[in-house]
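No value in this document is a laboratory result; all are computed from the given coordinates. As the structure is a computational prediction, the values presented were derived from the model and not from experiment.
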Amino acid sequence: MIIELSQVARDQIGGLLQNGVTLMLLGMGTVLIFLVILIFVTKALSAVVGKIEAKRPAPAPAPARRKAQPSANAFSAEPEIAAAIAAAVAKSRE
């Protein structure tokens, strides 16, 4: 009797393992197919965007900028802003 139950349990475990492996392979195959399709779609869209960009005119070069000379007023803030900053710093240190 014990031998018969053991054989039934082995058959059930074997069937479950077989179903698990089948399900695993089906899932991995689905993911693989999706990734391959995704690669081809991405390459196709890249080619389409490349053709569209090739038709666009090149942007005009930016004019050369002169370096601004710092003046004394560039580093001084307005008195109200300076007072607000000083009040915020004093409040944060409390």
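Descriptive notes on the structure:
- Using the Karplus relation 6.51 cos²θ - 1.76 cosθ + 1.60 with θ = phi - 60°, the per-residue 3J(HN,Hα) values for the stretch 50-57 come to x, 5, 5, 5, 5, 7, 6, x Hz, with x marking Gly and Pro.
- For the stretch 10-16, 3J(HN,Hα) per residue [Karplus equation, 6.51 cos²θ - 1.76 cosθ + 1.60, θ = phi - 60°, Hz, x = Gly/Pro]: 5, 5, 5, 5, x, x, 5
- Proximal lysines relative to Lys43, as straight alpha-carbon distance under 20 Å, when same-chain residues fewer than 8 apart are discounted: Lys51, Lys55
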